[in-house]
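Enquirer: Take this structure, written in structure tokens, and hold onto it; I'll ask about it next.
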Amino acid sequence: GGPPDHSYSLSSGTTSEELLRKLNEQRDIIALLEVKMKEMKGSIRRLRLAEAQLREEIREKDRLLHAASAGTRKRHGL
């Protein structure tokens, strides 16, 4: 026998031109998704930095509160 016939996988009447158009559409979609993925990675990176900064601010405020409350206890002899 010859090479296997895969014509069953194509809808009847599909031309090379139509397949090429579909291929190009898919490539366009992939390119758009890649751009969006890069944008999302940038957003995630910025959000992680903001989260780290907020956590550091919270730690600093906690230190100040503990230092202030320790000073109050000392003044009152507690």
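The values are calculated or read from the model by the stated rules, or taken from the named source; none is laboratory data. Since the structure is predicted, the reported quantities are computational estimates derived from the model, not experimental observations. Here the Cβ positions follow ideal geometry from the backbone for every residue, glycine too, while neighbour counts run over all protein chains shown. These accessible areas exclude ligands, DNA and RNA; they are computed on the full protein's heavy atoms, side chains included. Shrake-Rupley method; radii C 1.70, N 1.55, O 1.52, S 1.80 Å.
Enquirer: Using the heavy atoms of the protein chains and a 1.4 angstrom probe, tell me the accessible area per residue for segment 16-77 in square angstrom. Each step should come with its number before you reach the end.
Expert: Working: 6050 Å² over 62 residues.
Each residue of segment 16-77 exposes 98 Å² on average to a 1.4 Å probe.
Enquirer: Turning to a different aspect of this structure: Label-point separation (nm) for residue 14 and residue 41, each offset 7 Å from Cα along Cα-to-Cβ?
Expert: Taking the simple label geometry, residue 14 and residue 41 are separated by 3.2 nm.
Enquirer: Considering only protein heavy atoms and a 1.4 Å probe, what is the carbon-and-sulfur percentage of the accessible area of segment 16-77?
Expert: 60
Enquirer: Shifting gears a bit: Kirkwood Rh over alpha-carbon pairs of segment 16-77, then Stokes-Einstein at 37 °C and 0.692 mPa s: what D in µm² s⁻¹, rounded to an integer?
Expert: Roughly 201 µm²/s, to the nearest whole number.
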